[in-house]
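Take a look at the structure set out below.
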Amino acid sequence: MKKLTAILCLLLAVSMIFSLAACTPKTPDPANTGDATGTQAPSDTEEEDTVPPDYAEKSKTIYNAVLGDFNTAYQAAKAEKNVSKKWAMMAIAEAKLMESAVMLPTTTQGGNYAISRVAPYTIDYSLWGNDDENWQTALIATEFIKSADRTEMKAKWNELKGTGEYLAWAKQYLADKGYTLQTTYSTTFNSFPQTWDVLATSRAADSQFIVKTYDGLLEYDNEGTQRPALASSYTVSEDGLTYTFTLRDTIWVDSQGREVAKVKADDFVAGLQHSVDAEGGLDYLVDGVIAGMHAYIKGETTDFSTVGVKATDDKTLVYTLEAPCSYFLTMLGYGIFAPMSRSFYESKGGKFGAEFDATAESYTYGKTQDDIAYCGAFIVKNATAESIISFEKNENYWNKGAMNIDKIQYLYTDGKDEMKPYNDAVAGTIAGCSLTTARLKQCRDDGRFDTYAYTSATNATSYMAFFNLNRFSFRDIGLHTVVSPQTEADAARTNKAMQNVNFRRALAFSLDRANYNAQGVGDELKLVSLRNSYTPAKFVYLEEDVTVDINGTATQFAAGTPYGVIMQAQIDADGVAIKVYDPQADEGNGSGDGYDGWYNPTEAMNQLNTAIAALADLNISKENPIQIDLPYPSARETYAKRAQAVKKSVEDALQGFVQVNLVECKNDKEWYYAGYYTDFGYEANYDIYDLSGWGPDYGDPSTYLDTFLPDGAGYMIKCIGIF
């Protein structure tokens, strides 16, 4: 059975904040199962990582005990046909997820001070998918853009949004203000792509580069409007089941810019089949959506012609759905819908179905930038690990006349020098950078802050601190260098405590997230990017009046009600002290961001005392505290300070009944292997991990909530130590 996965995001405090994704998970060997007690003695000598005994069954037991209420409510929501009522029921389900306290929301992307030469809203704009990594329309000045000019440009964008007129206005505005534009966009990278095959990865660390090499059927433009790209037009059948796309004339080229084939409708068929064959990690987007896809993914059929994607001729592509899907078009910005030149793929040893073998000696597709074909705006010209990744304009790109930049270059940074991004930005080596605490001070000292600094916009990516409910690993899976200080007895006590909801809530309520965030963005902005739920509170709004059941009471919500309002209503009805929506936030406009709706030391101790009573056999006391491991990268000043903030806040709020062990990771790689690079919950070498997050894949709350489905179907579920 193939594992269903999704995009996992990774927060990095370097010169920019990047969204990355986790490795495509594999399915555990069903013959190798047993009992995962989480009490294995820590070891730094074991050579092989093994599946714990009864792992699958233990995971199911824990899931049902901890997230059963969430899943029951969520399945009911998914069965609802009315879109608005479905969203209201999903909000109720997410309330149960938040109340379970298996994770603590921390921040979203943005909300920090920055300086930049990139003009606002001149890059493709979307809350989901990969289209925001399409940079060909960026307007980049030769000097930093003044904050006052940014304010005026943002106001104009809001006025012109959806008209298609903003880019032309922005270009003229910058010229009138005396800015000179450049045609090279320079920024940084810290993770080299593990593949150049966008169909074989769910890792945004790969796709953020590869997306620049191809176009999709439709793409979101800089005003957030989805427009035709490789498809010149499309139609939707009256019953909502058939989507027919007509393709424009364009070609595939190799890394030297030489034509290798025409882009055909069949290339989208080939791409979709290859993505599923390669277990690229985005199967969940199409499973149960495209007709016949579920049976192919599950191996119930090997005949891809039974799947609802057909090329009726070279220019006509038809998708047939299992049932009407209100958000189908919003998914097209993800790699699983990317085209792939069938002929070029086969020339690189590629095969389909049961014959696909990524380990074959003859198979080279996607191994390097020279092993893919290009139909997008750029061609990769240099890709050297820990050095540079550079792109140049594809002279055969169908829309090259709309491009504002000719080159993109990513320069490697290891993140060890906190000031290097700032110095490089000032020197013009990169286009801009975020202003972490040290950089912010220097920017003020240099006299640049008042003129150029701005607060970056927040988005729909949600970062979380995950609690490991079923810990088995006490050293990292890859390097075996990050080792827990806990004894076997310590680990057993922690494992049992973590499975108690009151203990987890005590942890969640004990963390001063504002102070935690301040270590990266400073006191002035510490609240701006705080998020209080998984799905953003204003991600969707009800399109019509609905009535739903909240604890036995029929409750009506009017059209236009934000998702977060309904979530909060259920949390309030359950009497849990979490505020995921505050109607007074955002200057009275209401929001789920910008305040700390969790930190509550009094309630933390109330929850802890309840847990201590229920866990009497653990003899929890100040002399015998529960130990919690938090891995952190000591080379990164911001994260080292955040780790210290976590330790102080938790230990102070919980009055010494919990001890936080800061487990040093000497570099990013050690940090990633502690949790980010894990494929399964049993590989997670932490009790709390604050590196990961999630960015939406399409415009429906299920893009978040699906990640907590049971039985390995939910990708983020591994972050809490199960499946």
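The values are calculated or read from the model by the stated rules, or taken from the named source; none is laboratory data. Just so it is clear, the structure is predicted and the values come from calculations on it, not from any experiment. Using ideal geometry, Cβ is built from the backbone for each residue, glycine included, and neighbour counts are taken over all protein chains shown.
Brief remarks follow.
- The residue of segment 643-662 that is farthest from Leu608 (Cα to Cα), among those that are surrounded by 24 or more Cβ atoms within 10 Å (Cβ to Cβ) and under 25 Å from the mean Cα position of the chain (by Cα), is Ala643.
- Scan of segment 513-544 for residues that are crowded, with 21+ Cβ neighbours inside 10 Å and either in contact with a Cys (Cβ under 7 Å, 6 or more places away or on another chain) or among the aromatic types (Phe, Trp, Tyr) (or both), ordered by number: Tyr516, Tyr534, Phe539
- Among the residues of segment 695-710, just one is hydroxyl-bearing (Ser, Thr, Tyr), crowded, with 24+ Cβ neighbours inside 10 Å and closer than 14 Å to Leu97 by Cα, namely Tyr704.
- Evaluation of Thr553 against (1) crowded, with 18+ Cβ neighbours inside 10 Å; (2) under 30 Å from Ile92 (Cα atoms); (3) β-branched (Val, Ile, Thr) (one fails), failing number: (1)
- Filter result (surrounded by fewer than 21 Cβ atoms within 10 Å (Cβ to Cβ), in contact with a strand residue (DSSP E or B) (Cβ under 7 Å, 6 or more places away or on another chain) and either in a helix (DSSP H, G or I) or of a type in the set (Ser, Thr, Tyr) (or both)) within segment 580-611: Ala585, Tyr595
- Scan of segment 400-448 for residues that are assigned to a loop (DSSP other than H, G, I, E, B) and free of Cβ contacts under 8 Å to residues at least 60 places away in the same chain, ordered by number: Asp417, Met419, Gly447
- Qualifying residue in segment 7-23 (condition: in contact with a helix residue (DSSP H, G or I) (Cβ under 8 Å, 6 or more places away or on another chain), farther than 30 Å from Lys420 by Cβ and either surrounded by 15 or more Cβ atoms within 10 Å (Cβ to Cβ) or at pLDDT 95 or above (or both)): no
- Segment 676-692, subset touching a Lys or Arg at 6+ places or on another chain (Cβ under 9 Å) and outside any loop (DSSP other than H, G, I, E, B), residue nearest to Phe466 (Cα to Cα): Gly681
- So Tyr284, is it in the same structural domain as Ala204 (by TED's automatic domain parsing), in contact with a helix residue (DSSP H, G or I) (Cβ under 7 Å, 6 or more places away or on another chain) and free of Cβ contacts under 8 Å to residues at least 24 places away in the same chain: no
- Answer from Lys161, Lys85, Lys171, Lys156 - the residue that is more than 23 Å from Lys407 (Cα to Cα), touching a residue at least 24 places away in the same chain (Cβ under 8 Å) and either in the same structural domain as Ser186 (by TED's automatic domain parsing) or aromatic (Phe, Trp, Tyr) (or both): Lys161
- Screening the candidates Tyr632, Tyr682 for the property of being aromatic (Phe, Trp, Tyr), touching a residue at least 24 places away in the same chain (Cβ under 8 Å), in the same structural domain as Phe472 (by TED's automatic domain parsing) and more than 19 Å from Thr487 (Cα to Cα) yields one hit, Tyr632.
- Taking the listed residues Thr455, Thr436, the one that is buried (at least 20 other Cβ atoms within 10 Å of the Cβ), at pLDDT below 95 and not charged (D, E, K, R) is Thr436, with no other qualifying.
- Residues of segment 124-137 satisfying the condition of being in a loop (DSSP other than H, G, I, E, B) and either at pLDDT below 95 or surrounded by 23 or more Cβ atoms within 10 Å (Cβ to Cβ) (or both): Asp124, Tyr125, Ser126, Leu127, Trp128, Gly129, Asn130, Asn134, Gln136
- Counted residues, segment 265-288 - those being out of contact with any strand residue (DSSP E or B) (no Cβ under 6 Å at 6 or more places or on another chain) and either of a type in the set (A, V, I, L, M) or part of a helix (DSSP H, G or I) (or both): 14
- Restricted to segment 162-230, the set of strands (runs of 3 or more DSSP E) holding at least 3 residues that are surrounded by 23 or more Cβ atoms within 10 Å (Cβ to Cβ), among the acidic types (Asp, Glu) and at pLDDT 95 or above is empty.
- Options Ala577, Ala569: the member that is closer than 30 Å to Val650 by Cβ, part of a helix (DSSP H, G or I) and under 30 Å from the mean Cα position of the chain (by Cα): Ala569
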